[in-house]
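Here is the structure we will look at.
The values are calculated or read from the model by the stated rules, or taken from the named source; none is laboratory data. Here the structure is a predicted model, which means the values were calculated and not measured. Cβ: placed from backbone, ideal geometry, glycine included. Neighbour counts: every protein chain shown. Areas reflect the complete protein model, heavy atoms only, side chains present, ligands, DNA and RNA absent. Shrake-Rupley method; radii C 1.70, N 1.55, O 1.52, S 1.80 Å.
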Amino acid sequence: MIKSELIQKIAASNPHLYHRDVERIVNVVFDEIVDALAEGDRVELRGFGAFTVKHRAARQGRNPRTGTAVPVDEKFVPFFKTGKELRDRLNTNG
Amino acid sequence: MSGKTLTRADLAEAVVRKVGLPRNESQELVELVLNEISDSLARGEQVKLSSFGSFGIRQKGERIGRNPKTGKEVPITPRRVLVFRPSNIMKDRINSGRSRRVKAAE
């Protein structure tokens, strides 16, 4: 499923909403999650999962082709931990 | 770290604010978005959300684990696990947001 299909499904079950409003709703949800993570906050959606940001310290990397050492800056990476309910659902019918 | 945690209620509030829908309907729609994604994943489908990231299913084979408390070996059954791959846009936004703050604090 891609985003346009998700929007399509929600629009189909909510015929009273304009298609462009459904599009905005879906985008607001995901933008809000990214904004929170960019602020350093976490997003916890019980049953679905939690998004957090992890810190990766600066390190000395290596160019795998040439073998030369290259410095890698510290960075922040998004991380998703699946919620219990969803994790269980993935393993009940298959 | 600011230590704040967003929940469904905050997402619904954003829908109220930015789309102008009533609160209870916004809550239902946020729930619906999450449910559609969960349903799709439970069917074994991948979910790709451009500019956000993609959720995929990985099949794990059986392996031997160990009870960390007793040290006893226990088999871990084959299972399906969810993996999230953030988009480059998400990664960039997180890094520009946070690194700016960290640098400002220094």
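Below, the figures for the structure above:
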quantity: The lone exception for A:A50 - which of (1) within 8 Å of another protein chain (Cβ to nearest Cβ); (2) modelled with pLDDT of 95 or more; (3) touching a strand residue (DSSP E or B) at 6+ places or on another chain (Cβ under 6 Å) it fails; calculated: (1)
quantity: Residue check, A:A57 in contact (Cβ under 8 Å) with a residue 24 or more places away in the chain and more than 8 Å from every other protein chain (Cβ to nearest Cβ); calculated: no
quantity: Residue among A:E74, A:E85 that alone is surrounded by 10 or more Cβ atoms within 10 Å (Cβ to Cβ), of a type outside the set (G, A, S) and either in contact with an Asp or Glu (Cβ under 9 Å, 6 or more places away or on another chain) or closer than 29 Å to B:S40 by Cα (or both); calculated: A:E85
quantity: Criterion: more than 22 Å from B:G97 (Cα to Cα) and either of a type in the set (V, I, T) or open to solvent by 10 Å² or more (accessible area, probe 1.4 Å) (or both) - qualifying residue of B:L41, B:L32, B:L6; calculated: B:L32
quantity: Among residues of the range A:25-41, those that are at the interface with chain B (Cβ under 7 Å from one of its Cβ atoms) and surrounded by fewer than 18 Cβ atoms within 10 Å (Cβ to Cβ), counted; calculated: 1
quantity: Output for the range A:45-64, where each listed residue is open to solvent by 50 Å² or more (accessible area, probe 1.4 Å) and either touching a Ser or Thr at 6+ places or on another chain (Cβ under 9 Å) or farther than 18 Å from B:F52 by Cβ (or both); calculated: A:R46, A:H55, A:R56, A:A57, A:A58, A:R59, A:Q60, A:R62, A:N63, A:P64
quantity: Any hit, the range B:68-80, residues being more than 9 Å from chain A (Cβ to nearest Cβ), under 18 Å from the mean Cα position of the chain (by Cα) and touching a residue at least 12 places away in the same chain (Cβ under 8 Å); calculated: no
quantity: Any hit, the range A:9-24, residues being touching an Asp or Glu at 6+ places or on another chain (Cβ under 7 Å), over 13 Å from B:R8 (Cα atoms) and facing chain B (nearest Cβ under 8 Å); calculated: yes
